[in-house]
């Protein structure tokens with residue numbers, strides 16, 4: 001009888017596989033909203049600045065998932081990001097007609113950030129150009145602020161390197 005129940009559950013239960021990645025996504029958003037980014041790091045405390053910081057932290061997690069060979073989890077995490085951004089845009093009053101265009105730009109930004117941060121994180125290269133362009137939108141940040149952000153992102157990356165897949169999915173970032 002247990003086999004039938006299991007088969008029935010698999011066939012008729014509508015579970016969303018993204019649900020399992022919600023703890024990780026929530027932890028990433030919380031990490032991107034930590035006050036030190038905006039205070040000591042001087043990332044603009046604006047909607048765009050918070051988006052940029054969350055995407056920087058999300059990019060790190062996606063790169064870590066890539067290292068772990070967790071392609072499907074990476075897709076689901078990205079889908080959670082899209083769902084969240086869609087909801088945020090609608091909450092801000094963006095209409096149905098243009099939400100897709102905005103989400104498309106956000107996805108493009110995420111892809112660009114991953115490409116920009118990859119060499120600095122995976123190869124230990126310089127992050128300063130990518131950070132200036134993506135977090136400070138090309139404005140010359142205070143060198144101490146930039147150093148704070150780069151140190152904090154590298155520390156987060158180093159911590160992520162020690163987190164196994166199961167604990168990462170559970171939302172553990174260090």
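Please treat every number below as a calculation from the coordinates, not as lab data. Worth saying up front: this structure is predicted, and the values here are computed from it rather than measured. Counting neighbours? That spans all protein chains shown, and the Cβs are built from the backbone with ideal geometry, glycine included.
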Item to check | Residues located in region 131-148, provided they are part of a helix (DSSP H, G or I) and over 16 Å from the mean Cα position of the chain (by Cα) | outcome: 132, 133, 143, 144, 145, 146, 147, 148
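Suppose we filter 109, 130, 116 for residues that are under 15 Å from residue 48 (Cα atoms) and either surrounded by 12 or more Cβ atoms within 10 Å (Cβ to Cβ) or in contact with a strand residue (DSSP E or B) (Cβ under 8 Å, 6 or more places away or on another chain) (or both); which single one remains? Please lay out each step first, then the result.
Values: 130 fails: under 15 Å from residue 48 (Cα atoms); 116 fails: under 15 Å from residue 48 (Cα atoms).
Exactly one of 109, 130, 116 is under 15 Å from residue 48 (Cα atoms) and either surrounded by 12 or more Cβ atoms within 10 Å (Cβ to Cβ) or in contact with a strand residue (DSSP E or B) (Cβ under 8 Å, 6 or more places away or on another chain) (or both), namely 109.
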Checklist entry - Within the set of pairs 6+ apart or on separate chains, which have a first residue in region 105-122 that is free of Cβ contacts under 8 Å to residues at least 40 places away in the same chain, a second that is loosely packed, with under 15 Cβ neighbours inside 10 Å and not in a helix (DSSP H, G or I), and C-beta atoms under 7 Å apart? => result 119/125; 120/126
Next on the checklist: So in region 136-154, with the set limited to residues that are under 19 Å from residue 173 (Cβ atoms) and touching a helix residue (DSSP H, G or I) at 6+ places or on another chain (Cβ under 8 Å), which one is surrounded by the fewest Cβ atoms within 10 Å (Cβ to Cβ)?
Outcome noted: 154
